[in-house]
Amino acid sequence: MKGLLKFITCGSVDDGKSTLIGHILYDAKLLYADQAKALELESKVGSRGGAIDYSLLLDGLMAEREQGITIDVAYRYFTTDNRSFIVADTPGHEEYTRNMAVGASFADLAIILVDASQGILVQTRRHARICALMGIESFVFAVNKMDLVGYKEDVFRKIEADIASLAKEVGLVHVQVIPVSATEGDNITTKATTMPWYEGSALLPYLETVDASGTVEDGFYMPVQRVCRPNHTFRGFQGQVEAGQVAVGDTLTVLPSGESAKVESLLVGFNQVEEAQLGQPLTVQLDREIDVSRGSVLVKQTGIGTAQTASVKLLWMDDEPLEVGNEYLVSLGTKQVAATVTDIQYQIDVNSGEQLPAAELGKNSIALCTLHFQTPVVMDEFRHHKTLGELILINRVSNMTSACGVVEAVGTAAQQHTFEGHGLSARGDVFDEFYYNVEGLKVDKIRPTRTTFQIGDALPITGASYAYPTNFDILVVRDKVAIIVRDGQFKDMVTLADYTYNDVPVVNGRGFALQVNSAEDVAQFIVESADDSLSHDGAWYDKWLRFETYRKIIFHDSFWSI
C-alpha cells in the first residue's frame, strides 16, 4: 500500500473542484450511510433538478452554499484499498487566494481544474504559480466539464497543449492531464466509455499510484523547537527531522554558532533509539554543553549556512500594499526575526510570466524582493532545503500574515549586480526612475527589469527621469568600486583604491552628482564616506551631492501603469 498522499484541489471559480472530490467520496463508497442519505436529501432542494450535488460534501459553510462557491479550505481524510489521502478543497475566487495558498503549503500534489468550455484562465495560471512557489512538484490538470463540450478530443488536445506551455513557463516538474466530468463521474474513479480516445488512467487510480515524494534533500538537519530540561542532569534539543538521518555518535554542527558536538543519546517520544530519520519527532542530547536555543539548527553534511540578506519570491496577501522600507516579522524554520524589505526587484505578471518593475505590491501579487534581516539567520535556498527556505511575513502591528514566500538566493548571491568586470562587481541604482505618484501622493523609485552590464556594453544613460553625460564616472562606495563610462559605454571597472580622477563628471551609486573638482576632493569624499564616526546626515549629503544635476522627479498617475 502506498504512503499517505496530501493533495490540494484548485482552479478558477465554478470549475468544479468541490464536485470532483465529492464524486470521488460518493463513487468510491467512502461515505457513511447517513452522510450519503443526507446528501441525496439536500440535493433535492438544490439547483440541479434533484440530481445529486456532490459539492455539498465539501462546501460546509452557509455562505458557501448560498453563493455556490468555496470560501474556506475544506479538509477531508479518506482511505481506499490502495492508499490514504488528505485533500484540501480550496477557494477559486481571487478574493480568497490567501486561503488557497494555505492549502497549497501542506500538499504534495496539486489537482488544478480547467473548465473545458473556457480553457486556461488567469486564476488557473495564478494557482499554478502559487503551487510551484509552495514547492509542489506533482500536478494533475483535470480538464473538467467535458460533457459540456460533447467529449470532443480536439477541445481536450488544444487545452492539453496550452497546459504544456504553461508548465514550461512556470517550471512545473511532473504534470499529468486527465479529461473528466465531475458531475457525470466520467474518468473520476473508473475509465469513462464516453472518451475512448483517452488512453490514460482515471483520476482516482492515478492518485493511488503516483509518487509525489519530491526531491530528496542533502544531509541531516533539525531546526530546534524547544530545549528540554526536566532535571539538572539532562538537556535535550527537540524538533522534527527535516532531512536525512542521525545516529548516536554522529558529530553535529549547531548553527548559527558553528560549534560542534557528538550525539550522546536520541529519543523518539519517550523511547531511546540508536538512530532517527526524516519526519520523526526527536530529542537530541549532545556530549557537551554548547549554546543551543529555539531557532538554532542542528546540521550534518548539508552545506546550510547563515546570512543576513536574501532574495525572496513572495505572494503578497495583505490588503495594505507592500512598500520598500517596510519592516515585518519573519518566521523561517523555528526562528522569528525582524526583517526589512529593501528592494522589489521585479513583479511577475501572473498571466504572461513577464518581469515588471514595481514600486509596491498589491494583494495577490507575486514578486522577487530583497529582505535584510536584523540578525544573521540560518537559511538556504528553497530548492535545496525546503524548511529553511520557506517563510512568512507578519505585520508587526496587526499580527496578520502579510505574505508567504521562498528563498531564491542567499546572502551575497541575492545581490544581482548592475556592473561586473575584472572579477569585480557593484550594484548601482543609477538607472532607476523617480516618479511622483499622484494617486499615492509620494515619490516612487521604480527599478527597471534588472540587467547586469559587462565591460563593453552600451548603457541606458538617458531615461524618463534622468540624463547623464556621455563621459562620466560612477563611485559605488559601498562596494569600493569605480565604473568608468566613456561615449555612453561601460568602459572599465577598478577598485576605489586604484581609481584616478579624470576631470569628468562623477556620480555616486544612486546617480547623484558629486560636488568635486579635483582628485583631492574625490579622495576626501571617499575617506568621509567610509568614516563611521562622522554624522552622515542631511548636511553632509548637501555638502557632497546634488540630486537635480542629472535627475528629476516626474509626475505619474499610478505606478501600476508604468
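In segment 448-461, how many residues are within 34 Å of the chain's Cα centre (by Cα) and at pLDDT 90 or above?
Looking only at that region, the number is 8.
From (1) modelled with pLDDT under 90; (2) surrounded by fewer than 19 Cβ atoms within 10 Å (Cβ to Cβ), pick out the condition that doesn't hold for T183.
Here T183 meets the rest and fails (2).
Please enumerate the residues belonging to segment 186-207 that are at pLDDT 90 or above and acidic (D, E).
Within segment 186-207, E199 is the sole residue that qualifies.
Which of the numbered conditions does S296 fail, given that it passes all the others? Conditions: (1) of a type in the set (S, T, N, Q); (2) surrounded by fewer than 19 Cβ atoms within 10 Å (Cβ to Cβ); (3) closer than 26 Å to T370 by Cα.
(2)
Within segment 346-360, can you find the residues that are surrounded by 20 or more Cβ atoms within 10 Å (Cβ to Cβ) and more than 14 Å from the chain's Cα centre (by Cα)?
A358, A359, E360
Mind listing whichever residues of segment 175-204 are in contact with an Asp or Glu (Cβ under 6 Å, 6 or more places away or on another chain) and free of Cβ contacts under 8 Å to residues at least 60 places away in the same chain?
V177, S181, E184, A192, T194, W197
Select from segment 488-529 the residues that are charged (D, E, K, R) and assigned to a helix (DSSP H, G or I) and write down the one among them that is nearest to R546 (Cα to Cα).
D521
Quick check: is even one residue across segment 318-325 outside any strand (DSSP E or B), touching a helix residue (DSSP H, G or I) at 6+ places or on another chain (Cβ under 6 Å), touching a residue at least 40 places away in the same chain (Cβ under 8 Å) and surrounded by 14 or more Cβ atoms within 10 Å (Cβ to Cβ)?
Among the residues of segment 318-325, not one is outside any strand (DSSP E or B), touching a helix residue (DSSP H, G or I) at 6+ places or on another chain (Cβ under 6 Å), touching a residue at least 40 places away in the same chain (Cβ under 8 Å) and surrounded by 14 or more Cβ atoms within 10 Å (Cβ to Cβ), which makes the answer no.
Out of D218, D291, D250, which single residue is in contact (Cβ under 8 Å) with a residue 12 or more places away in the chain and exposed (fewer than 13 other Cβ atoms within 10 Å of the Cβ)?
None of the others qualify; the one that does is D291.
For segment 370-388, check the following and say yes or no: at least one residue is outside the structural domain of I136 (by TED's automatic domain parsing), of a type in the set (D, E, K, R), surrounded by fewer than 17 Cβ atoms within 10 Å (Cβ to Cβ) and under 16 Å from the mean Cα position of the chain (by Cα).
Checked against the condition, which is being outside the structural domain of I136 (by TED's automatic domain parsing), of a type in the set (D, E, K, R), surrounded by fewer than 17 Cβ atoms within 10 Å (Cβ to Cβ) and under 16 Å from the mean Cα position of the chain (by Cα), segment 370-388 yields at least one hit.
Is one or more of the residues making up segment 469-488 surrounded by fewer than 15 Cβ atoms within 10 Å (Cβ to Cβ), closer than 24 Å to K552 by Cβ, assigned by TED's automatic domain parsing to the domain that holds L459 and free of Cβ contacts under 8 Å to residues at least 12 places away in the same chain?
No, that holds for no residue.
For segment 237-263: of the residues being charged (D, E, K, R) and in a strand (DSSP E or B), which is farthest from E274 (Cα to Cα)?
Ranking the candidates gives E259 first.
Please enumerate the residues belonging to segment 127-136 that are surrounded by fewer than 21 Cβ atoms within 10 Å (Cβ to Cβ) and either touching a Ser or Thr at 6+ places or on another chain (Cβ under 7 Å) or of a type in the set (A, V, I, L, M) (or both).
If the condition is that a residue be surrounded by fewer than 21 Cβ atoms within 10 Å (Cβ to Cβ) and either touching a Ser or Thr at 6+ places or on another chain (Cβ under 7 Å) or of a type in the set (A, V, I, L, M) (or both), then A132 is the only one that fits.
Being β-branched (V, I, T), at pLDDT 90 or above and surrounded by 21 or more Cβ atoms within 10 Å (Cβ to Cβ) is true for just one of V341, V312, V273, V268. Which residue is that?
Criteria check complete, one pass: V312.
The values are calculated or read from the model by the stated rules, or taken from the named source; none is laboratory data. None of these values were measured; they are calculated from a predicted model. Neighbour counts are summed over all protein chains in view; Cβ atoms, including those assigned to glycine, are modelled from backbone coordinates with ideal geometry.
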